[in-house]
Structure formats: C-alpha cells, structure tokens
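Read through the structure below, which is laid out as structure tokens, and then see the notes.
Just so you know, all these numbers are worked out from the coordinates, no wet-lab data involved. In this text, all values refer to a predicted model and were calculated from it rather than measured experimentally. All Cβ positions, even for glycine, are placed from backbone atoms using ideal geometry, and neighbour counts span all protein chains on display.
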Amino acid sequence: GAVVSQHPSWVICKSGTSVKIECRSLDFQATTMFWYRQFPKQSLMLMATSNEGSKATYEQGVEKDKFLINHASLTLSTLTVTSAHPEDSSFYICSAGPGGTDTQYFGPGTRLTVL
Amino acid sequence: GESVGLHLPTLSVQEGDNSIINCAYSNSASDYFIWYKQESGKGPQFIIDIRSNMDKRQGQRVTVLLNKTVKHLSLQIAATQPGDSAVYFCAENIAGSARQLTFGSGTQLTVLP
C-alpha cells in the first residue's frame, strides 16, 4: 500500500517551453501532496504544498507563476514548469501520505533536462 | 536541516558489518522523524520512523535511536548488505506543519565486498 507514481520519469525540453509533471496516489486519497526539487549530490528541498481544491502554498523563494500546481482531485497533483530554462533542470519529486498518518511516501521522481 | 552542498558525507562499511548513520536535526519542536533511503535516480524510500515520545524503535535489520536532549537521530543497519548502498536522509516533521518534512543533508553509504 501507499504507492505514489509520477509521470513522466524523465523529460527533455527546449528552453522557453512548458513541462507538466503528474503525481498520483495509487491506493489512497491525499488532500495534501508535496513537491520537492533535488539537485545532484544535494538534499531534497520543499518547493510547495499542493492542497486539493485550493491554492498551493509555496516556499520562500519559489516563484508561483513559474511553478504552477494544480491539485484537482484527491489522487492527482500536477506541477507545470512554465517557460523552462536550463537552471530549472533538476530532479522533481512528489510525496503524499494517507489521511490520518504523518508518513510521507515519495514518487519515483522526474528528471527534467532543459536544453 | 540544510544541504551541505555538493559534498555528501560518506560512510564505507564492509559487507556484513553494522552501519551507523547519524543526523542532527534542527528544530526542537519536531515531533516525528523518518529515515529514507534513496538510490541513484530514484525517489526516497521509507525505512523507519519514530515519534518524539520514544527513544528507540526497531524494524527489520534497522534501528532508529532518538536523543532529544542533543537533537540527534541515528540509523543502525545490522549485517549491511550490498543492496544497502544508497544515500540515507533523515527528515523531521514539526507538529502542526501540515506534515511538511525538512530533510537533512544525507549520507552516502557504500558497502564494500
């Protein structure tokens, strides 16, 4: 149980284009999901909290207009990187946890490379 | 915890030996802690968790110790195997923070044959 999936697992795009990453909870519902970014050899940095049916909460320094988050259902959150640039190249990971628990389970991550 | 930048602390152990990975957490208000294992190119995998009202918890081949006095967490892996080679992160959750996790800098564990 408590499986989180992400799609795509990797994506390469041209500078200036937008990329959408999906995060799904497969066997539970999640009113809250979290998006992280991880650069090579570094730890995970929380970008934003995705709330089902309401606006996402962004961490300080994360541009909400650049990283659009939509949490339209209890099993799906999407992160759209708009007008991507090479410095946005990173490993993006989402997490979610079943209601009533504190444990967060992570998706397999999405490797974004912007050329 | 904050990232240490480009250089992860490393730990090398001989196959079959026990491993101890340490973590200093940052917030005395944290009341829930998790250890994750991350293999290259994959998302973090849950290993074991512990609440602040405990000081020790055991799982299969793993033990987590919590010392709230010095804000220190450790993960012990018994009879380390090659498949245990990965980066290990501790994460802390602060009560009332909507289950947001703050991650430590991570430790690269390498198991030698």
According to a simple spin-label model (label point 7 Å from Cα along Cα-to-Cβ), what is the distance in nm between residue A:111 and residue A:62? 2.3 nm
Rg to Rh for the stretch A:1-90: what is it, with Cα atoms only and Rh by Kirkwood? 0.95
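Please work out how much length the chain gains when fully extended from residue A:103 to residue A:55, using 0.36 nm per residue of separation minus the C-alpha to C-alpha distance, in nm with one decimal.
Gain in length upon complete extension: 15.0 nm.
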Proximal lysines relative to residue B:37, as straight alpha-carbon distance under 28 Å, when same-chain residues fewer than 8 apart are discounted: A:20, A:41, B:56, B:68, B:71
Note on the stretch A:8-57: contact order normalised by length, alpha-carbon pairs under 8 Å, 6 or more apart, percent, works out to 25 percent
So which residue, out of B:64, B:87, B:13, gets the largest mean-square fluctuation from a GNM of chain B using Cα contacts under 10 Å as springs? B:13
For the protein assembly as shown, the Cα-Cα pair-distance distribution in 5 Å bins from 0, as whole percents, is 1, 7, 14, 18, 19, 17, 12, 7, 4, 1, 0
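Report the extension gain between residue A:14 and residue A:80 in nm, rounded to one decimal, defined as 0.36 nm multiplied by the number of residues separating them, less their alpha carbon distance. Each step should come with its number before you reach the end.
On the way: separation 66, 0.36 × 66 = 23.76 nm, distance 1.45 nm.
Taking residue A:14 through residue A:80 to full extension adds about 22.3 nm, to one decimal.
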What distance in nm lies between label points placed 7 Å from Cα along the C-beta direction at residue A:39 and residue B:17? 3.3 nm
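If you take the beta carbon distance between residue B:27 and residue A:70 as r and set R0 to 35 Å, what does 1/(1 + (r/R0)^6) give as a FRET efficiency, to the nearest 0.05?
The computed FRET efficiency comes out at 0.70.
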Label residue A:31 and residue B:53 with points 7 Å out from Cα along Cα→Cβ: what is the distance between them in nm? 2.2 nm
Computed over the stretch B:12-103: relative contact order in percent, which uses C-alpha pairs under 8 Å that are six or more apart: 37 percent
The rounded separation in angstrom of the Cα centers of the stretch A:1-55 and the stretch B:36-91 is 23 Å
For the stretch B:52-81, run through the trypsin sites (Lys or Arg not before Pro) and keep only the ones in DSSP coil with at most 16 other Cβ atoms within 10 Å of their Cβ. B:61, B:68, B:71
